[in-house]
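For reference, the structure discussed in these notes is given below.
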Amino acid sequence: MAAAGPSVVRRVEELGDLAQAHIQQLSEAAGEDDHFLIRASAALEKLKLLCGEEKECSNASDLLELYTQAILDMTYFEENKLVDEDFPEDSSSHKVKELISFLSEPEILVKENSMHPKHCNLLGEELLECLSWRRGALLYMYCHSLTKRREWILRKSTLLKKYLVDGINYLLQMLNYRCPLQLNEGVSFQDLDTAKLLSAGIFSDIHLLAMMYSGEMCYWGLKHCADQQPENHEVDTDVSGASCTIHKEPLDFREVGEKILKKYVSVCEGPLKEQEWNTTNAKQILNFFQHHCN
């Protein structure tokens with residue numbers, strides 16, 4: 001493993017110090033100890049120690065992993081607070097942007113410092129998936145709250161569309177970090193259903209939730225933002241699960257939503273039939289897509 005350069009160590013240490021100060025503020029405001037904040041603070045203390053060692057001994061992957069785990073725990077605490085309060089209208093927009101910024105920092109840090117030609121090898125697929133999932137799920141929950149505010153939507157449907165497009169993008173990124181398993185004669189499985197799931201790029205329950213969330217966000221987009229002019233957004237419309245290039249094109253809520261929800265229903269009623277995943281809402285949305293006039 002390659003050692004982190006001095007500039008990388010300094011930047012990670014600076015970000016760690018900022019996060020630690022933020023955690024201190026959160027702890028004081030909460031007035032009590034929280035498991036996730038305690039764990040995040042402990043990770044940042046360890047990060048501080050590693051950054052203080054000889055630079056040639058500091059491993060870039062270790063530093064990034066510690067910082068990322070701390071950010072995931074810290075932001076999870078804040079996300080839960082937002083959900084419990086049903087995203088207060090006067091402060092949620094700023095707070096959601098702040099959390100998205102925190103959750104984007106690990107990837108930005110890697111890219112800015114060119115620490116590795118393929119940053120997924122440095123952060124790891126699971127951490128990258130988690131970062132994308134958490135950003136997409138946060139925007140899903142926020143948009144779910146906003147869609148219940150009729151007057152807000154009438155005034156700010158353009159902003160709602162931006163949140164939806166960003167959220168869908170994060171969720172599709174999450175689904176596309178790992179390639180589906182290629183089944184061939186050289187690979188044998190005792191469980192055929194598991195093989196079918198892996199070949200479809202479904203590696204966990206979270207992957208299924210990401211499919212349902214992105215499909216539902218497409219439904220909200222078509223229902224509340226259909227009258228707006230299409231804009232170019234970097235969105236990966238291939239939902240196969242393969243690692244595909246993100247390309248610029250107008251996001252077609254109906255096309256993307258139909259594709260991903262049909263796959264969701266197929267998986268839930270196929271390999272996962274015995275687990276009784278609910279497909280009622282997905283089918284209702286698909287019916288809406290089919291009867292919606294472009």
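The values are calculated or read from the model by the stated rules, or taken from the named source; none is laboratory data. Remember, predicted model here, so these are calculated numbers, not experimental data. Cβ: placed from backbone, ideal geometry, glycine included. Neighbour counts: every protein chain shown. The accessibility values were calculated without ligands, DNA or RNA, using every heavy atom of the protein model including side chains. Shrake-Rupley method; radii C 1.70, N 1.55, O 1.52, S 1.80 Å.
Set side by side, the residues Asn176, Asn184, Asn232 differ, and just one is modelled with pLDDT of 80 or more, farther than 20 Å from His291 by Cα and not β-branched (Val, Ile, Thr), which is Asn176. Counting only residues that are hydrophobic (A, V, I, L, M, F, W, C), modelled with pLDDT under 90 and open to solvent by 20 Å² or more (accessible area, probe 1.4 Å), the stretch 264-293 holds 2 of them. Being touching a residue at least 40 places away in the same chain (Cβ under 8 Å), open to solvent by 40 Å² or more (accessible area, probe 1.4 Å) and within 17 Å of the chain's Cα centre (by Cα) is the requirement here; does Met74 meet it? The answer is no for Met74. Selection of helices (runs of 4 or more DSSP H) fully inside the stretch 70-181 by the criterion of at least 1 residues being in contact with a strand residue (DSSP E or B) (Cβ under 7 Å, 6 or more places away or on another chain) returns 150-176.
Give me the residue from the stretch 30-52 that is in a helix (DSSP H, G or I) and open to solvent by 90 Å² or more (accessible area, probe 1.4 Å) and, out of that set, modelled with the lowest pLDDT. Out of the qualifying residues, it is Leu49.
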